[in-house]
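Pasting in a structure now, in structure tokens, and then I'll have a few things to ask.
The values are calculated or read from the model by the stated rules, or taken from the named source; none is laboratory data. In this text the structure is predicted, and so the values were computed from the model without any measurement. Backbone-built Cβ (ideal geometry, glycine too); neighbour counts: all protein chains shown. Protein only, heavy atoms only, side chains kept; ligands, DNA and RNA dropped before computing areas. Shrake-Rupley method; radii C 1.70, N 1.55, O 1.52, S 1.80 Å.
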Amino acid sequence: MSVTELRPNGRSRPPAKSASKEAAEAEALRAKTEAARAAAEIGNQLKAAKAAAEIARGEAEAEEIRRQSAERAAETARRQAEAEAAREKARHSAEQWRRYAKAIAITCVIVSLPLQLMAFWSPDAPFLLAAPLVLEGLAWALLKGAEAAIDEARPSWHYRALAGAVALFAAAVNYMHGSAEFGLGTGLGGAFCSLAGPMVWDLHEHGRILKRDGRKSRRERREEARRLAAEVIERNAAEQREADDREAREVNRSVQWPQVWERAVALAAALGELHPSDATWKRAWDDVEGATLGDTAASIATRVAAKAAVKDAANDPAKQGEKVEKPQVESQMAAPAKSTRVRTPDGRRNNGGTPPVRRAGDTLGYSPVARRAMSLAARQQRRASA
């Protein structure tokens, strides 16, 4: 027995490949590997480009957010600086006003006090020299009492009124004595100084009262009154427009739907409404028409008929082109006397053989839509045959 005969069946050695074929397969494998590597590199480059674009877009958005945040911070800092500057300016102005008012009051005392001393001087009663000091001291003591009352949020008008009365008495003394001894000008000057000092200081205290109570200036009150008047005018105009619209709507409803309007008026009276609201109108519509708002029996019937007509037109064979005849239609509709269409085999033969014999009453009646479709088809056949 030969070696070939001893070799097991199905395990024959495959024929050896040629060197050129192996080289070609190696080249093809290398080319395939290079193509895959190139495709992978292109995919990586595309992913890197997409990631770089997304990173750039994210950086741009972050930069825009940082810029907006910086702008808001700068705006907030600017407003705070302006508010701080305004507060500082107000504080500085108030301090200056206080110093100037005090200086004017001291100057007025220097002018008016000697005149009062000369007015009360008498060799026989030298003790009367204390009277001017009492007058001036009393006036300024009352003003300090008013200042304390303002600081403690107490009424201060009586202190200021008494200080004004004392200053007025001192002014009268200076005017009479100055005019008699030194002339009218001296009398008027002394009287003015007796009043000016306490008056200037009282104005200063009056400003403190307004600031404490948060009262608005006359200009601010005028602006607020003007704004309130404009708001009232606008509100009245809006109410008038709303009333006109409501009246027009009610007239339109009463003319277009008198029965529904009568029911709505009755419901409004029962519910205590001066004018029928939308909810009342909707309820009245449901009571009278028995449908959703805007629908009536006539509108619903018209809509149903229109939909049926659209369906009939869509099922019109003359507008649908060539179509396969249905076996039921062929078996239940008589063929026209004259027809130009090509005769085709009876479709019933494709249903598994000869159909059963039909008898009256073994099928359901046609729907109204089917009857209208059959009537339309019959009319079209008659026109075609004519």
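Which condition number in (1) modelled with pLDDT under 90; (2) under 28 Å from the mean Cα position of the chain (by Cα) is the one that Val232 fails?
(1)
For a quick check of your reading of the model, give me the residue pairs whose first member lies in segment 98-115 and is more than 12 Å from His204 (Cβ to Cβ), whose second is open to solvent by 70 Å² or more (accessible area, probe 1.4 Å), with beta-carbon atoms closer than 9 Å and at least 6 apart or on different chains.
Cys108/Phe192; Val111/Phe192; Ser112/Phe192; Leu113/Leu133; Leu115/Glu181; Leu115/Phe182
What helices (runs of 4 or more DSSP H) completely inside segment 263-355 contain at least 3 residues that are among the small types (Gly, Ala, Ser) and modelled with pLDDT of 85 or more?
In segment 263-355, the matching helices (runs of 4 or more DSSP H) lie at 297-314.
Right, next: Out of segment 270-300, which residues are within 37 Å of the chain's Cα centre (by Cα) and of a type in the set (Gly, Ala, Ser)?
Answer for segment 270-300, where residues must be within 37 Å of the chain's Cα centre (by Cα) and of a type in the set (Gly, Ala, Ser): Gly272, Ser277, Ala279, Ala284, Ala291, Gly294.
Sticking with this one: Just checking, how many residues over segment 274-300 are open to solvent by 60 Å² or more (accessible area, probe 1.4 Å) and either of a type in the set (A, V, I, L, M, F, W, C) or closer than 14 Å to Glu250 by Cβ (or both)?
8
Same structure, new question: Does Ser156 satisfy being closer than 26 Å to Tyr100 by Cβ, at pLDDT below 80, surrounded by 14 or more Cβ atoms within 10 Å (Cβ to Cβ) and within 57 Å of the chain's Cα centre (by Cα)?
For Ser156, the condition - closer than 26 Å to Tyr100 by Cβ, at pLDDT below 80, surrounded by 14 or more Cβ atoms within 10 Å (Cβ to Cβ) and within 57 Å of the chain's Cα centre (by Cα) - is met.
On the given criteria, is Thr363 modelled with pLDDT of 65 or more and over 59 Å from the mean Cα position of the chain (by Cα)?
Against the criterion (modelled with pLDDT of 65 or more and over 59 Å from the mean Cα position of the chain (by Cα)), Thr363 qualifies.
Still on this structure, please answer the following. Could you go through segment 203-222 and let me know if any residue there is more than 15 Å from Val111 (Cα to Cα) and polar (S, T, N, Q).
Yes, segment 203-222 contains at least one residue that is more than 15 Å from Val111 (Cα to Cα) and polar (S, T, N, Q).
Which number in (1) surrounded by 13 or more Cβ atoms within 10 Å (Cβ to Cβ); (2) farther than 28 Å from Arg208 by Cβ; (3) out of contact with any His (no Cβ under 6 Å at 6 or more places or on another chain) marks the one condition that Ala170 misses?
(2)
Could you list, ordered by first residue, the pairs with Cβ atoms under 9 Å in which the first is in segment 255-278 and of a type in the set (S, T, N, Q) and the second is at pLDDT below 90 and open to solvent by 80 Å² or more (accessible area, probe 1.4 Å), at least 6 apart or interchain?
Sorted first by the residue in segment 255-278, then by its partner, the pairs are Ser277/Leu271.
Conditions (1) under 60 Å from the mean Cα position of the chain (by Cα); (2) open to solvent by 60 Å² or more (accessible area, probe 1.4 Å), marked per residue:
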{"site": "Lys89", "(1), (2)": "yes, yes"}
{"site": "Ala103", "(1), (2)": "yes, no"}
{"site": "Ile110", "(1), (2)": "no, yes"}
{"site": "Glu136", "(1), (2)": "no, no"}
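Restricting attention to segment 173-198, and to residues there that are open to solvent by less than 20 Å² (accessible area, probe 1.4 Å) and among the polar types (S, T, N, Q), which single residue is nearest to Glu147 (Cα to Cα)?
Ser194
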